[in-house]
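Engineer: The structure's right below; bear with me while I get my questions together.
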Amino acid sequence: MSPRRGQKQLPNGLSAANFLHAVPHANRAMETHHRSDGSTLASVPIPRPKYLVPPLSWILPFSPYRRVELEPVGSGVLKMCDGRRTVEAIIEAFAAGHKLSFREAQLAVTQFLSQLMQRGLVVIVGQDGDTRGS
């Protein structure tokens, strides 16, 4: 679906208006390890590249997981990606928790969710069932 004339298109393919009503879901295959300082280590399994066969595999190290370390603030946003809250609800909760305006929180949370999608930690499901970030 293409955006209407004058409507901003986000990098994930959803329009800005549809993105606010979309629901972020955490990757089910992701493992999280919460630390005592509030940070989180998230690990997502990744497939082994087809070109990585012996003897090349003896030389190049390969980890079957993509690991992402999140600070306490990012960890809190990831915890809110539970499949029940919309992006707008996450932004509102983030704004209230950090004493920001909605627009300030919108910029930060939208960019962070985009990064989480690129790293495979989160997928965004639009109102029409359109899945982004998978």
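The values are calculated or read from the model by the stated rules, or taken from the named source; none is laboratory data. Values in this document were obtained by computation on a predicted structure and should not be read as measured data. Here the Cβ is made from the backbone with ideal geometry for all residues, glycine too, and neighbour counts use every protein chain on show.
Engineer: Which one of these does V123 not meet: (1) under 23 Å from S15 (Cβ atoms); (2) assigned to a helix (DSSP H, G or I)?
Structural biologist: The number of the failed condition is (2).
Engineer: Let me ask you something else. What number of residues in the range 14-58 are surrounded by 15 or more Cβ atoms within 10 Å (Cβ to Cβ), modelled with pLDDT of 85 or more and farther than 18 Å from G120 by Cα?
Structural biologist: Within the range 14-58, residues that are surrounded by 15 or more Cβ atoms within 10 Å (Cβ to Cβ), modelled with pLDDT of 85 or more and farther than 18 Å from G120 by Cα number 2.
Here's the yes/no breakdown for (1) closer than 15 Å to N27 by Cα; (2) in contact with a Gly (Cβ under 7 Å, 6 or more places away or on another chain); (3) of a type outside the set (A, V, I, L, M):
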position: S39; (1), (2), (3): no, no, yes
position: R48; (1), (2), (3): no, no, yes
position: P61; (1), (2), (3): no, no, yes
position: R67; (1), (2), (3): yes, no, yes
position: G83; (1), (2), (3): yes, no, yes
position: V87; (1), (2), (3): no, no, no
position: S101; (1), (2), (3): no, no, yes
position: Q115; (1), (2), (3): yes, no, yes
position: L121; (1), (2), (3): yes, no, no
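Engineer: Having 2 or more residues that are in contact (Cβ under 8 Å) with a residue 60 or more places away in the chain is the bar; report the helices (runs of 4 or more DSSP H) wholly within the range 14-114 that clear it.
Structural biologist: 16-21, 87-98
Engineer: Would you check which residues across the range 80-96 are small (G, A, S) and modelled with pLDDT of 95 or more and list them?
Structural biologist: A89, A93, A95, A96
Engineer: Now a separate question. If we keep just the residues of the range 1-13 that are in a loop (DSSP other than H, G, I, E, B) and surrounded by 12 or more Cβ atoms within 10 Å (Cβ to Cβ), which is modelled with the lowest pLDDT?
Structural biologist: Per the criteria, the residue is P3.
Engineer: State the number of residues belonging to the range 89-129 that are farther than 28 Å from Y65 by Cβ and among the polar types (S, T, N, Q).
Structural biologist: Of the residues in the range 89-129, 3 are farther than 28 Å from Y65 by Cβ and among the polar types (S, T, N, Q).
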